Amino acid sequence: MDSTNKVGLKREIGVLGLAANTLNRTIGAGIFVLPALVANILGGASILAYLLCGLLMMTIMLCFSEIGSQITTTGGAYAYIHSAFGPFAGFIANSMFWFVGVLADAAVANAMVDMLTIQFQVLSNPIYRGIFFFIIFGGFAFINVLGVKHGDNVVKINTLIKLIPLTILIVAGFLGTSTENLRWDSIPSLEKLGEASLLLFFAFAGGEASLNVSGEVKNPKRVVPLGVLSGMAAVVLIYILIQTISQGVLGADLALQKEAPLAAVANKVLGEFGSTLIIAGAAFSMFAALSGSILSYPRVIFAGANKGWMPAFIAKIHPKFATPYWAIIVYALFDFIFSISGGFKELAIIASASLLSIYMGVVLATIKLRLKNKATKTDSFKLPGGIIIPVFAAIAIFWFLSHLAQKEFIALGLFLLVLSIIYFLINTFGKNKNQGSSI
């Protein structure tokens, strides 16, 4: 089997790499604060929200697995939507996807530096803060330009390291758990369960970005479903274990530890060393998540450039390393600019609605392609039960969308309007240019 695809990228990523990136992109900063936030809503019954949200996310990831095993080009969610609904929907999904990635990276990078500033006061200086961002994003960009295998290996190593403090905490936490603290006082209302599940949904999100490198995945018909589903299953398990030991160790006090609940758990079961370990682990977890972003999201920009939606130079492949080097550099530059500017905070309001819209697009694309190809035999991964799981996933996403604030819908509408105008201008300019060149 040829190790390259038709655009010149090398297929180097296997099941372990895809699973690691799925887990790495999902387990970031959120896991270190979520236990207290969920406990504040549901108390001892917090585990119900994890089970519900984990089930809903698995149905969505099942859709990603089916369509991702069939459409194996670079771009992930964007490529699936483009294939099913055409170039306009593809442009909207492409632009939303990488832009939301930049916003998320800027938020994570600033949270990481804020945490490090406690120990390294020099990072409170904007100049040194900017230099730090430049080193982080520039370093990850350099590694990924050298080859997708290098970027993939960095993600694997970072994922392993970020799991070490969490694993230590889980083991120690179970030894220090009181079964009395795990008892439920009452069954939560559907309203409370929905509130907690919406909060958790965005903590579980992010793993889909691992599929942006589909054009560089070995044997995608096998690797995509195995990698994505095993990675997401590990995420759900880790979140459930962390919530269980947090509740078991701290009990009712968990809801009061809103700043750093896991550090409080670690301090109780491991002493001062434990809280230091968790704080360091939280900072490294964010660092690792950024390494996954620089591996994944540039491929979306690269795919857009191949369609003529970005400057042509961004679609270039490095002649020696077979990587989309300009796309990597441009994306890292966007990350750097938004991180030092802080302007992402005003734009972050569009992130949640945009991500849900992309999820809905992928699920609907799965349904459309399943109905279109139902008579076609294929060796790619197929969900059992026809379109039952995708329809269930669509209902779940609609339910999450219904819980968003009005300002988020307004922001999404304005964002879509701006993107539509840009698409119209690109199309018009492109047609006029082509007509002019043919004369």
> Got a sec to turn the phi values of the range 294-310 into Karplus ³J(HN,Hα) couplings, 6.51 cos²θ - 1.76 cosθ + 1.60 with θ = phi - 60°, whole Hz, x for Gly and Pro?
Replying inline: 5, 6, 8, 5, x, 5, 6, 4, 4, 5, x, 5, 5, 8, x, 8, 10
> For the chain, what is the accessible area per residue in Å², given a 1.4 Å probe and the full set of protein chains?
Replying inline: 43
> Measuring from centroid to centroid over Cα atoms, what is the spacing of the range 97-118 and the range 381-407 in Å?
Replying inline: 28
> Given Cα pairs under 8 Å that are at least 6 residues apart, what percent is the relative contact order of the chain?
Replying inline: 33
> Can you work out ³J(HN,Hα) from phi for every residue in the range 262-278, in order, using Karplus 6.51 cos²θ - 1.76 cosθ + 1.60 and θ = phi - 60°, giving whole Hz and x for Gly and Pro?
Replying inline: 5, 5, 5, 5, 5, 5, 6, 9, 10, x, 4, 4, x, 5, 5, 4, 5
> Relative contact order for the range 271-325: what is it in percent, counting Cα pairs under 8 Å that are at least 6 residues apart?
Replying inline: 19
>> So if I take the centroid of the Cα atoms in the range 250-317 and the same for the range 164-236, what is the distance between those two points in Å?
In response: 14
>> So for each of 24-35, 383-394, 215-226, 178-189 I average, over its residues, the number of other beta carbons within 10 Å; can you give me the resulting order with the highest mean first?
In response: 24-35, 215-226, 383-394, 178-189
> Using a 1.4 Å probe on the protein chains only, how many percent of the accessible area of the chain belongs to carbon and sulfur?
Replying inline: 68
> Once both axes come from the Cα atoms, what is the angle between helix 15-26 and the longest principal axis of the chain, in degrees from 0 to 90, rounded to 10?
Replying inline: 70
>> Can you pull out the trypsin sites (Lys or Arg not before Pro) in the range 260-321 whose DSSP state is coil and whose Cβ has at most 11 other Cβ atoms within 10 Å?
In response: LYS320
> Which cross-chain or sequence-distant (5 or more) residues have an amide H under 5 Å from the amide H of ILE13, H modelled 1.01 Å from N in plane?
Replying inline: VAL217, LYS218
> Once phi is turned into ³J(HN,Hα) by the Karplus curve 6.51 cos²θ - 1.76 cosθ + 1.60 with θ = phi - 60°, what whole-Hz value does each residue of the range 241-247 show in order, with x for glycine and proline?
Replying inline: 5, 5, 5, 5, 6, 5, 5
>> Under the rule of at least 5 residues apart or a separate chain, name every residue whose amide H is placed under 5 Å from the amide H of MET310.
In response: ALA305
> What percent does the relative contact order of the range 247-299 come to when contacts are Cα pairs within less than 8 Å and at least six residues apart?
Replying inline: 22
> So, by mean Cβ neighbours within 10 angstrom, what's the order for 53-64, 395-406 with the highest one leading?
Replying inline: 53-64, 395-406
> Against the longest alpha carbon principal axis of the chain, how many degrees, from 0 to 90 and to the nearest 10, is the axis of helix 388-402 turned?
Replying inline: 70
> So how compact is the range 81-128: Cα radius of gyration and Dmax in angstrom?
Replying inline: 17.6, 51
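The values are calculated or read from the model by the stated rules, or taken from the named source; none is laboratory data. Just so you know, these numbers come straight off a predicted model, no measurement behind them. So basically every Cβ, Gly included, is an ideal-geometry build from the backbone, and we count neighbours across all protein chains shown. These area figures cover heavy atoms from the full protein model, side chains too; ligands, DNA and RNA do not enter into them. Shrake-Rupley method; radii C 1.70, N 1.55, O 1.52, S 1.80 Å.
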